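Okay, structure first, notes after.
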Amino acid sequence: MEKKKRARLEEALQLLEAVQDSTTVANLVVGADYRIVSYNRRFREFLLKYWSHEVSKGEVSINFVHPDNLDDFKKEFAQALNGKIVRAEHNFSTIDGQSMWIAVEYHPFNNTCESDNKVALSFRNITRERLYEQKITAQNKRLKEVAYLSAHQLRGPITSILGLANLLSDDPTNWKDTKLYIDKIRGLSQKLDREIRYLVGKTEEI
């Protein structure tokens, strides 16, 4: 009977390991001393790709945390050890200088067969999402600039042109200042043309 229980447990563990390896999320279990207890295929591939390192059980996990994120990692890890689920996002530079964003989750991991607590970590690369958000933010900034130009810099010349046109039409029989008005309209039109070209250039950057 005991052998059957062990066999079923072993089968369940193998199934769990297969599920872990098939996920697109990097997972690992870390002991209170920061040493890696277990990890899935995705985590191994991540370290190989971005750190050029072949991971093994027993290694110290903080060796793979960027120095800029180390204090945050230790704080979040300690919270998880104390039973709190923690979710965070971190930015760091990989060994080849790439900027990367990852979303991390820390889950308390208590094994009734062992006395020491562990933390189950899962993380995924969200760099593409963050870069897209940055692109949208930059586009929104340019759109605001275009809106400001439309509302202010173009309005002045147009108002002046309309005013001069009204002066010309007030007394069409006495146009002694016609040349002056036309020169001013020409100058304002050229200014307006420059502003419009600048505005078109801004919209092309979006």
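The values are calculated or read from the model by the stated rules, or taken from the named source; none is laboratory data. From a predicted model like this one, the values you see are computed outputs, not experimental measurements. Quick reminder, even Gly has a Cβ in these numbers, built from the backbone with ideal geometry, and neighbours come from all protein chains shown.
Note on region 111-143: residues that are surrounded by 14 or more Cβ atoms within 10 Å (Cβ to Cβ) and outside any helix (DSSP H, G or I) total 10.
Cβ-Cβ distances below 6 Å connect the following pairs, each with a first residue in region 148-160 that is within 20 Å of Asp183 (Cα to Cα) and among the hydrophobic types (A, V, I, L, M, F, W, C), a second residue that is surrounded by 12 or more Cβ atoms within 10 Å (Cβ to Cβ) and modelled with pLDDT of 75 or more, and a separation of six or more residues or different chains: Leu154/Glu195. Of the residues that sit in region 1-27 and are at pLDDT 65 or above and surrounded by fewer than 17 Cβ atoms within 10 Å (Cβ to Cβ), which one is nearest to Leu81 (Cα to Cα)? Going through the qualifying residues, I end up with Val25.
Might you let me know whether region 66-79 holds any residue that is free of Cβ contacts under 8 Å to residues at least 60 places away in the same chain, within 16 Å of Asn125 (Cβ to Cβ) and surrounded by 13 or more Cβ atoms within 10 Å (Cβ to Cβ)? Checking region 66-79: at least one residue is free of Cβ contacts under 8 Å to residues at least 60 places away in the same chain, within 16 Å of Asn125 (Cβ to Cβ) and surrounded by 13 or more Cβ atoms within 10 Å (Cβ to Cβ). The residue that is surrounded by the fewest Cβ atoms within 10 Å (Cβ to Cβ), counting only those in region 28-57 that are among the aliphatic types (A, V, I, L, M) and free of Cβ contacts under 8 Å to residues at least 60 places away in the same chain, is Leu48.
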